[in-house]
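Data block below; observations after.
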Amino acid sequence: MFSKVLKTYTGRANGFYRNLSQKLPEFTKNVFDVSRGNYNYINDGHIDYFRRVLGTNRVITNPEDAEKYNVDWFSQVRESSNLVVKPKTTEEVSKILSFCNENKLAVCPQGGNTGVNGGSIPVFDEVIISTELMNEIISLDEDSGVLVCQAGCILETIDNKAATKDLIVPLDLGAKGSCQIGGNVSTNAGGLRLLRFGNLHGNILGLEVVKADGEILDCLGTLKKDNTGYHLKHLFIGSEGTLGFVTKVSIQCPSRPKYINVAFLGLQNFNKALKTLKLLRYRLGEILSAIEMIDYCSMDFIKNVVGQQSPIGDYPFYLLIETSGSNALHNEEKLNSFLEESLQKALVLNGTVANEPNKVQDIWSIRENIPNGFQKVASKMLYYDVSVPLAHYYTIVDDVADYAKDISERVFGFGHIGDGNLHLHIQLKNDLTKEVKSNFDSFILEKIVRYKGSISAEHGVGFTKAKLMDKIKPPSTLKVMKDLKKLMDPNGILNPYKIFI
Ligand SMILES: Cc1cc2nc3c(=O)[nH]c(=O)nc-3n(C[C@H](O)[C@H](O)[C@H](O)COP(=O)(O)OP(=O)(O)OC[C@H]3O[C@@H](n4cnc5c(N)ncnc54)[C@H](O)[C@@H]3O)c2cc1C
């Protein structure tokens, strides 16, 4: 039976914050096989130049102040770059890049630093260019729903702004309280509601970008349709700061759904989850906004590591479903008739539904607390964010669990099943070593190739997956990517060691 009563959890309220007290990882260059490129070293003359352009307060050279810019959220990678610069305007970014290009200084663009593959952290002594002060919302056109802002605006802030006009930013992720729209664009972030809104290639109307040589590229259109020549903005969506530095973004915001329902369902096995998925699409089609899968081990992880229980007891699999729309009755009737049918067909064993905002958030907190718990065991965790055809979506978790049985505490899978996107995690008994990582990379890569999946569904390649690129991309594709990089950044100063090594 479905209950409407939920316990109150202490889940995320105002977004996500990185836990700065966690153990620092070893320096990246000591753990991974990587050599420094042929770049110049930063000297006092360079620092003087940045101070002249930005003033002393926006140039950080003190190692203690620089530390938070040198470690990623998941504590996988770390550097000790002692130069962080914080421009406020596009013109300042342009001056910084033009100077770095002339002086052959490597740079690392950084947004909210919530990226998962180490893309936002320098590998050696790259200059960190942080967008945290580029946080102006430039305009919001109520009629067209177009919001234009600087790249450093926090996702949650622009969504709150959109909400004032009954609009919604068509992207939502657990890190929305910290990640920035420029970082989202640069990683082509997917998130929880891609199922409803599609990806950023569809929703970003325009970008302003600074090239490696400092030239400002104005592709900041606000039109939904504009077929005049090459669509250059797409080059920068998902290019992880390797082709250009995003300074402004224009994004199409649809109407904000008025009524939201969520259901949290317990299922007996993955086969039933697949059948439920099919029924969901058939019965709820146009009002579906998210479908997330959580397996038993993920729930066990948050129970033991975060201290949060399943509101419906223990089941081998759970589905979190969200519907949203403009008519409460219509939404509720559709959801209820789906739930009845799924119970009658014995697809679903138990569940709970909610439509009050705090209870909706309580249910979402279960899903969001899985990655939040990783910080507590960061040194023992291995992360993969893969796309797998649904037929093999869970086979790969079983494969890895079997492979890892002697050295792992748990292997678990959860994620955006509605998009075929699985987050596959291995919690090891001991701290992760270079050898263990390399063995898992090879094992998972072999499975991904066999199942015709992708080694990165939505988190990008960054640094930690860069070595896998030549194993998964056909040589001709990789060559065009590298040619493009050379054309856009002949000195290779933009985010080196990322995407390709
Ligand atoms: C709890 C949690 C949940 C998450 N959930 C999701 C999820 O559901 N879906 C998802 O896709 N991701 C998710 N992520 C990953 C992460 O939040 C996204 O990748 C996000 O888009 C990164 O944004 P950021 O501002 O933090 O970028 P950063 O981490 O700072 O940077 C990411 C990459 O973009 C580059 N970059 C940043 N800003 C610019 C710029 N202005 N110009 C050029 N390059 C730039 C950086 O160099 C780096 O390569 C999650 C992360 C956490 C911690």
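The values are calculated or read from the model by the stated rules, or taken from the named source; none is laboratory data. Because the structure is predicted, anything quoted here is derived from the model rather than measured. Positions of Cβ are backbone-derived with ideal geometry, glycine not excepted, and every protein chain shown enters the neighbour counts. Quick note on the areas: whole protein, heavy atoms, side chains included, nothing else; ligands and nucleic acids left out. Shrake-Rupley method; radii C 1.70, N 1.55, O 1.52, S 1.80 Å.
Provide a single number: the residues in the range 171-181 that are more than 6 Å from the ligand (Cβ to nearest atom) and of a type outside the set (A, V, I, L, M, F, W, C).
Result for the range 171-181: 4.
I'm told GLY112 meets every condition in (1) under 25 Å from the mean Cα position of the chain (by Cα); (2) more than 14 Å from the ligand (Cβ to nearest atom) except one. Can you identify the failing condition by its number?
Unmet for GLY112, out of (1) under 25 Å from the mean Cα position of the chain (by Cα); (2) more than 14 Å from the ligand (Cβ to nearest atom): (2).
Could you identify the single residue in THR323, THR242 that is open to solvent by less than 60 Å² (accessible area, probe 1.4 Å) and within 16 Å of the ligand (Cβ to nearest atom)?
Answer to the selection: THR242.
If you take the residues in the range 277-319 that are closer than 29 Å to PRO170 by Cα and among the small types (Gly, Ala, Ser), which one is surrounded by the fewest Cβ atoms within 10 Å (Cβ to Cβ)?
Of everything passing the filter in the range 277-319, GLY285 is surrounded by the fewest Cβ atoms within 10 Å (Cβ to Cβ).
Tell me, which residue of the range 172-199 that is among the aliphatic types (A, V, I, L, M) and in contact (Cβ under 8 Å) with a residue 40 or more places away in the chain is surrounded by the fewest Cβ atoms within 10 Å (Cβ to Cβ)?
Among them, the one singled out is LEU195.
Quick check: is even one residue across the range 354-364 polar (S, T, N, Q) and under 30 Å from ALA378 (Cα atoms)?
There is at least one residue in the range 354-364 that is polar (S, T, N, Q) and under 30 Å from ALA378 (Cα atoms).
Check GLU215 against each of (1) more than 8 Å from the ligand (Cβ to nearest atom); (2) open to solvent by 10 Å² or more (accessible area, probe 1.4 Å); (3) touching a Leu at 6+ places or on another chain (Cβ under 6 Å) and name the one condition it does not meet.
Answer for GLU215: the failing condition is (3).
Let's see how each residue does on (1) of a type outside the set (Gly, Ala, Ser); (2) within 14 Å of the ligand (Cβ to nearest atom):
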| position | (1), (2) |
| --- | --- |
| GLY183 | no, yes |
| ALA189 | no, yes |
| GLY198 | no, yes |
| LEU220 | yes, yes |
| ASN227 | yes, no |
| PHE236 | yes, yes |
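Hey, among VAL348, VAL386, VAL397, which residue is modelled with pLDDT of 95 or more and assigned to a loop (DSSP other than H, G, I, E, B)?
Residue meeting the stated conditions: VAL348.
How many residues are open to solvent by 10 Å² or more (accessible area, probe 1.4 Å) and either assigned to a loop (DSSP other than H, G, I, E, B) or under 18 Å from ASN269 (Cα atoms) (or both) when one looks only at the range 424-434?
5
Filter the range 156-169 for residues that are touching a strand residue (DSSP E or B) at 6+ places or on another chain (Cβ under 7 Å) and open to solvent by less than 20 Å² (accessible area, probe 1.4 Å); which is farthest from the ligand (Cβ to nearest atom)?
Residue satisfying both the conditions and the ranking: LEU167.
Starting from the range 230-255, take each residue that is touching a residue at least 24 places away in the same chain (Cβ under 8 Å) and list its partners that are in a helix (DSSP H, G or I) and more than 14 Å from the ligand (Cβ to nearest atom), counting only C-beta distances under 8 angstrom and pairs at least six apart or across chains.
LEU235/LEU484; LEU243/LEU484; CYS253/ALA162
Would it be correct to say that ILE129 is part of a helix (DSSP H, G or I), among the β-branched types (Val, Ile, Thr), more than 7 Å from the ligand (Cβ to nearest atom) and open to solvent by less than 40 Å² (accessible area, probe 1.4 Å)?
no
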